1. Tell me which of these Phe40 doesn't satisfy, since it passes every other one: (1) modelled with pLDDT under 90; (2) aromatic (Phe, Trp, Tyr); (3) surrounded by 12 or more Cβ atoms within 10 Å (Cβ to Cβ).
2. Is at least one residue of segment 18-36 touching a Cys at 6+ places or on another chain (Cβ under 6 Å), surrounded by 12 or more Cβ atoms within 10 Å (Cβ to Cβ) and small (Gly, Ala, Ser)?
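The values are calculated or read from the model by the stated rules, or taken from the named source; none is laboratory data. What you see is a predicted model; the values in this text were computed from it and never measured. Here the Cβ positions follow ideal geometry from the backbone for every residue, glycine too, while neighbour counts run over all protein chains shown.
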Amino acid sequence: MPESALQTVFQATIMAKVLCVTSAWWSFTSASDRQRIAAFVGRAKRSGLCQADQPPVTQLVKDADDKLFQSVLHNPEHTLHQLLPHRRHNITYYLRPRRHDITLVVDHIAFSIADNYLRTSIDYFSYLAYIYITVFKLRPDSFLIK
């Protein structure tokens, strides 16, 4: 089989599998994991399975992530498009060029998790106080720090 055909097969099968869902798992990899993936591609380059001028894996992952983001941003039928915040229309200042015109919102999920944690903690400590008061016949003012 000619070398160009091997490179095409390698690109279509192996590299496609590596880059398929990198947006989902790349941020969870450690530096050693990324180094192992880069070493694998380096071995493929040395053996002639991969083109010698192929960009590094980190660049391929960044390009795949950018392509996915652009697809979600510009395709209203994309499954993830509904999760994007609303677009900004009245931009009156131009500090630097932006890649999108999406409104950046405060992460409500983090606030709801923190709020839920606080409510659970307050309920838990209130329940403990109730148990101590009823079981040990303590007065509520004995909990106050003097």
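1. (1)
2. Taking every residue of segment 18-36 in turn, none turns out to be touching a Cys at 6+ places or on another chain (Cβ under 6 Å), surrounded by 12 or more Cβ atoms within 10 Å (Cβ to Cβ) and small (Gly, Ala, Ser).
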